[in-house]
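K.L.:
Please find one structure pasted underneath; my questions will follow.
The values are calculated or read from the model by the stated rules, or taken from the named source; none is laboratory data. Being a predicted model, the structure only gives us computed values, none of them experimental. Methodologically, a virtual Cβ is constructed for each residue, glycine included, from the backbone with ideal geometry; neighbour enumeration extends over all protein chains shown. Quick note on the areas: whole protein, heavy atoms, side chains included, nothing else; ligands and nucleic acids left out. Shrake-Rupley method; radii C 1.70, N 1.55, O 1.52, S 1.80 Å.
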Amino acid sequence: FFFLMIRRPPRSTQSRSSAASDVYKRQTLYGSEQSLQYYKDFQYASVWADDIKDQGFKMFDQWHYMDRPVNEQGFLLNFDHSRHNNAEWIIQQISGALTNQVAINSLTIEKSQMLRFLIHIFGDIHQPLHTSTLFNEEFHTEDGDQGGTQYKIEYNLTSRNYSSLHYFWDSGAGVLPDLHQRPLTSDNFTWVSNYSSYLLNKFPREKLKDQLSKKQPMDWILESYSIARTFVYGQLNGSHVITEDYRDKAYAIVEQRLVLGGYRLCDYLLNLFKDFPIEVLQKFAYQNQQQDTKEQNSKYQARNLRWK
């Protein structure tokens, strides 16, 4: 579940264009094999879908969320939260593409890319502001506050500056450290490992039995949406000031969402690949091992050249 902790800060201003899927169809290669090898470890693979935005790949932005309106004041809306090209839809599409009978015996760069998207989107849909958008007197345009990206906040509890409510929640309610550096430092890896152990001990599976009985992505999206409506927006009640009480309660939610996202991702992937031929999975593991060996040899040769 630590994939959520090393994600990039806020989602960019969202492009709502339905042309995104058409653009995708025209892309033959939007991430080189060299790039994917850098992101082959689970930690890095989980953030690849955000990191490629720095290369200008914005056409997949709508895959990262499925906004439902938080509209307590009853504004008349022209907002279609059921449209395709969203997080729930793309999870279905990727799952089908990874396991269809035509491709089940092959390993391709396209599959590798889609698996990285799948891992990342699991994290996104457990963040409440990837499943909701606020409509009120301040935000009453077509897309509301765009998942909190347009909801400016005042946060004076630390020296870090959070430009929006979305950024605050993306950053673990302002509590988690900045882990956006690539590659992660050894100290950051140690922190992530220790923090993961802490969360697993705090939230064993038995403690989350009821939540883990929900098996469908839409259930998890609605779960996140409920948190957004009742707490993320509900507790603020239109205020833009983040108090210490709000921060502490938000962080308690963040901890549980991190663990739930991790458990659910694990269960989902095990079920998704349960019928995969064992030789294909072994081949995949072997290829990764071979790549690690090549990288180690390259580093060794580079050191020799420097000494010469």
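K.L.:
Mind running the shape call on the range 93-200? Use the C-alpha gyration tensor, a ≥ b ≥ c as the square roots of the eigenvalues: rounded below 1.5 for a/c, prolate if a/b tops b/c, oblate otherwise.
P.N.:
oblate
K.L.:
Here's another thing I want to ask about it. Please report the carbon-and-sulfur percent of the accessible area for the range 48-178; probe 1.4 Å, protein heavy atoms only, DNA, RNA and ligands left out.
P.N.:
On the range 48-178, the fraction of accessible area on carbon and sulfur atoms equals 48 percent.
K.L.:
Please give me the summed charge of the neighbours of ASN201: other residues whose Cβ is under 15 Å from its Cβ, Lys and Arg +1, Asp and Glu -1.
P.N.:
Residues near ASN201 contribute +1 overall.
K.L.:
On the protein heavy atoms, probe 1.4 angstrom, tell me the percent of accessible surface of the range 240-283 carried by carbon and sulfur.
P.N.:
58 percent
K.L.:
Roughly speaking, what is the stretch gain from LEU200 to LEU270, that is 0.36 nm per residue apart minus the C-alpha to C-alpha distance, in nm to one decimal?
P.N.:
23.3 nm is the gain from fully extending LEU200 to LEU270.
K.L.:
Which net charge results for the neighbourhood of ALA87, defined as the other residues with beta-carbon distances under 10 angstrom from its beta-carbon, given Lys and Arg at +1 and Asp and Glu at -1?
P.N.:
Neighbour charge sum, excluding ALA87 itself: -3.
K.L.:
For the range 188-232, what does the accessible surface come to per residue with a 1.4 Å probe? Please give it in Å².
P.N.:
Ligands and nucleic acids excluded, the result is 57 Å² per residue.
K.L.:
My understanding is that a pair violates if its Cα-Cα distance is over 26 Å; which of LYS53/LYS249; LYS111/LYS202; LYS58/LYS202; LYS214/LYS249 do that in this structure?
P.N.:
Listed pairs above 26 Å: LYS53/LYS249; LYS111/LYS202; LYS58/LYS202.
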